[in-house]
Structures are given as C-alpha cells and as structure tokens.
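Shown next, in structure tokens, is the structure this report addresses.
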Amino acid sequence: MYPKYPYPENNCEYFLLLKQVGVNNMSTIEIKNLTFGFDVQTTNLFKHADLTIQSEWKLGLIGRNGRGKTTLLKLLMKEYPYSGSIEHQLDFIYFPQTVADKKQLTYYILQELSIFEQWKIERELTLLKVDTDILWRPYANLSGGEQTKVLLALLFVDDVHYPLIDEPTNHLDLTARKQVAEYLNDKKQGFIVVSHDRNFINQVVNHVLSIEKSQLMLYQGDFSVYEEQKKRRDQFEQEQNVKLKKEIGRLKHSAKEKSGWSLSRESDNHGNSHIKGSGGTGHDGFTSARAKRSMKRSKAIVRRIGDQVSEQKRFLKDIEYIDPLSMNYQPTYRKQLLTVKRLSLFYNDNQPLFEPLSFEIQKGERVAIQGANGSGKSSIIYYLLDVFQGDSAGKVIKPKEMTISYVRQNYEDNHGTLEEFAKQHHLSYQELLNNLFKLGVERKVFQNRIEDMSMGQRKRVELAKSLTTPAELFIWDEPLNYLDVFNQEQLEEVIQQIQPTMIIVEHDLVFLESVATKVINIVKDKSK
C-alpha cells in the first residue's frame, strides 16, 4: 500500500477515494498488481503496482531514466507480457509513430499511419502554427521540429484515440515548444505525456505520475506542485528517520545498561554463594530478583528496537540521492577568450544563415546562443571549432592554443569499450566512470560497448567525456537531450559551483535561466 503522509492528497489512495465516492464519471485506466521486468536477471521495473488514472486528466509521466516511463506506455498498449491486470476501454495511439519510408510525401505517410479527413489534419497543423503546404513535401525534407509537429497533429485528428506522447520536445526550439505547449493546453481531451522539460510539463499537465524507486506516486497539479510536495514528503521522511534513529540509539543504550547491571548482579551473587542460606539478610535473593526483572526489561527493549527498525525501513525508500558531478575546468590567465565581429556564415546558395553577429566572451561567462531551428546555432559552433564546411565573412579573434571540451548533438560515432574510449580521448578512465555512475549509468553497463548502449546511456558517455576533459572553454550543443530532471539539476549545480567559461545551445528555459550569464539571439537573415 502507499504510505500515508500529513497531506494525503498526494498519494494514490486519495484518487482511489475520489473514484469510490463518485467524483466525475470518467473513463479510467485501472492497473492492479502490475509486476514487470524484462528478464529474470534484472530487477522488476514494477512490482505489485496499483494505480487508477482518469482518462480526462492531462497526465505528465516523469521519473529518472531507466525507471520505465516508455515501458509503462508500452505495457498500456500490451506490447510486453506482464503479470497483474491493466483494464480500460480506450484505444491508444503512441507518439512518435514509426515512419517506414521517409522519402514519400508527408500526406501519404500520414495516411499510412492513420485514417483521417484532410481538412482535419490541416486544422491541427494550423493550430500548431504550421503551413499546410508541408503535407505536400517529402517527409525526409522536413526539419526535426516540423516532423514532430506533423506527427503530433495526427494524434488529435479524431476523438477516438487516447494519446500516449513520448518526449515531444525533442528537436523543438523555444518557439516551437511554446507553440506545442499552447496546442496541448487548449485540447479538451486527456493524454499522457513523457517529458523532462520542466517548463513544458508545467504548461500542459494537471496531474503528475512519478515513477519512484519503490512505487508509483500521483500528484494533483503541475511539475512545480510535484517538486514542492516531493520536497515536503522527503523532508517528512528524513525527520521521521532522524527521530527513529535517536530513539533506537536511546533504547540500545538503555538495554545495554540494564543487561550489564543484571549480569553484574548475577556475578556478585555467584561470587558470594557462601552467604546463601546462612541466615543473612536475604539481599542476595532480592538482588537476584531485581536482576531477572532488569534482564526481562532489557529483552523487552530489544524487541522495541526491532519494531523501531522495522518502522524505520518504511522511510527513505524513494529519496533520490544525487551525487555531485566533477568538471575538469582549467581556468585560463586570459580575461577575454573570444571576440566575434560581424560574423556571417554561408552554404552553397550564398545566402547568409543569419544577420551579422557580434559578441565577446569573457573568462567565467556562460553564453547561451538562442534562435529558431535552422537559424545557424550549431553552424556557429562548427565555425568556432574550425570544422564549418561553408563560407564565412566577418572576424573572430581567439587564442591559438585554447583547450575546448565539446558536447555534440550527434555522437553516434562513439564506439568501443569505455576503457578504449578513455584512452582514445586521453581521459582518466576512473574519472570517466565516476561521472557516468553519478549520471545514473549502472555499473553493469560499464562492460558494454558504447554502440550497444541505449541512446540515453550514449548521451551520458558524451557528457561524461566533456566533464572529464581538461578545458578552459566548454561548448555544449543541446546537452539536455535524453537526460532526466535529476541530471539537469546535477549539471546546474556543478556549473554554478565551478563557474566555467561556456557556450551553450539549449532550448530548456529553466536550465538556461539557472546557468547562463549572457544570451546571444540569432536572427535569421531576412533575405532568405
């Protein structure tokens, strides 16, 4: 059962009670005694889980990577065998849908995925601020953000299917995230959405389901409510745990004293056995009785200690212990690391990607580069790293020998064992493993080759590599993709503590507000 806290509205029993008393006659998803693990070698992701979800909720599904968010969605769709029961009368549709032939026109791809009337898909695209002409372009030619919006539109062309939306903010810039958030917020029907973007979740959900270490926990409200209630629950458990520890310590001391006293009295009696029956005062018999009573009390105290220890085990099960990361920042003697004067970048069409750009980076500054998808943010990074494939105009002044640590958007070329990877990049193998473990990669994964790891694990390898690389400038291109909220908080903490010089391209507003000291806005060239 779920533990009761001073604020019972935060656990599943509260919502079960709502159902029993008949609050809102809504369709439900009933999960009873759900147990699931991928094989007998691994720990179950879910064990005897009970849960009731009302279909009209806009439910945000959150939790650390590896806890089973996507797996739970797949279980709802009956894609994996499990024990227990999942009962509902819903017809689910999952995002992102699998696109087989990306070379086809977008309209025909959508027709293969679902049945819809053309005017309805055009209506949804318009609500998402997308030109309907996109339907008649090859799907492969669409940007990542456009592909995301097209597939999202397909979820809501009818009222029959119940959407299960898995990480919709991938590939979306700040403007597109806001547009998608407004789109989902305006929808009357319910859905379940998985996202690590705290600002996005805050805008679109009215309930949060957190997959924690030992249980599923429901919260009524957005991510901010979840954070606040989670802190209160953790604080309550920690306070109760401290009280129990003190009580256990006091009881152990008392038991030791009483046990020691009774044993010493028994020893005295055995040492003065010649007094017994000699017509003395009889204090030996009295002392022996007291010793027995003291020993009995000592045993009772030991039992109480056992009860308190059992009570203590109820607490701290779901507190997330987040170890601080290390960052191999090597502060430079240079006060100014970079000067950019009227920089323009061009590809084959000779059209500039953006209007001329000028900025400076001082030692200790963390510069966020913002702009719409396709505006040239990553191209600027390529240029600063001397790997840009197009043409340029303007001037960049930087030291000849400046050490840079880089997190790439695309890191599929990372391969081999972690030990081979560390040697290839001249890194401390132990420090690489330490940061990986702190980022949530289990030790058993350390034996896997990087190309055999999940995308989330491979992203952590790329990030751990950057953290471990000694550098005076860190350049991170969309570092938060595939990272959970706890990882994001780890990065915020280490950046705030170390205060390195950085250039960051990222679309998560909460993260940027926490770490950036300066924002550079990229404006697309108006002639394009």
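Quick notes on this one:
- Exclusive hit being without any contact (Cβ under 8 Å) to a residue 24 or more places away in the chain and more than 21 Å from Leu59 (Cβ to Cβ), set Glu117, Glu112: Glu112
- Checked against (1) closer than 28 Å to Glu112 by Cβ; (2) open to solvent by 50 Å² or more (accessible area, probe 1.4 Å), Ile192 passes all but condition (2).
- Condition check for Ser344: more than 24 Å from Leu512 (Cβ to Cβ), more than 31 Å from the chain's Cα centre (by Cα), of a type in the set (Gly, Ala, Ser) and in a strand (DSSP E or B): yes
- Between Glu472, Glu492, the distinction of being closer than 30 Å to Phe354 by Cα, at pLDDT 95 or above and open to solvent by less than 20 Å² (accessible area, probe 1.4 Å) belongs to Glu472 only.
- Strands (runs of 3 or more DSSP E) lying entirely in region 29-93 (those with 3 or more residues that are open to solvent by 40 Å² or more (accessible area, probe 1.4 Å) and not small (Gly, Ala, Ser)): 46-54
- Qualifying residue in region 368-389 (condition: assigned to a strand (DSSP E or B), in contact (Cβ under 8 Å) with a residue 12 or more places away in the chain and farther than 30 Å from Glu146 by Cα): no
- Scanning region 504-522 for residues that are part of a helix (DSSP H, G or I), touching a residue at least 40 places away in the same chain (Cβ under 8 Å) and within 21 Å of Gly144 (Cβ to Cβ) returns Leu509, Leu512.
- For region 428-450, the set of residues classified as within 20 Å of the chain's Cα centre (by Cα) and among the aliphatic types (A, V, I, L, M) consists of Leu433, Leu436, Leu439, Val441, Val445, listed by residue number.
- In region 154-184, the residue that is farthest from Ile29 (Cα to Cα) out of those that are surrounded by fewer than 18 Cβ atoms within 10 Å (Cβ to Cβ) and without any contact (Cβ under 8 Å) to a residue 40 or more places away in the chain is Lys178.
- Test: residue in region 448-466 that is open to solvent by 70 Å² or more (accessible area, probe 1.4 Å) and either touching a helix residue (DSSP H, G or I) at 6+ places or on another chain (Cβ under 6 Å) or at pLDDT 95 or above (or both): no
- Evaluating Lys438 against the criteria (1) surrounded by fewer than 20 Cβ atoms within 10 Å (Cβ to Cβ); (2) touching a Leu at 6+ places or on another chain (Cβ under 7 Å); (3) closer than 25 Å to Gly376 by Cα leaves one unmet condition, (3).
- Qualifying residue in region 103-113 (condition: more than 24 Å from Ile29 (Cβ to Cβ) and of a type in the set (Phe, Trp, Tyr)): yes
The values are calculated or read from the model by the stated rules, or taken from the named source; none is laboratory data. Computed from a predicted structure; not experimentally measured. Neighbour counts are summed over all protein chains in view; Cβ atoms, including those assigned to glycine, are modelled from backbone coordinates with ideal geometry. Ligands, DNA and RNA are stripped out before the accessible areas are found, and what is left, the full protein with its side chains, is counted by its heavy atoms. Shrake-Rupley method; radii C 1.70, N 1.55, O 1.52, S 1.80 Å.
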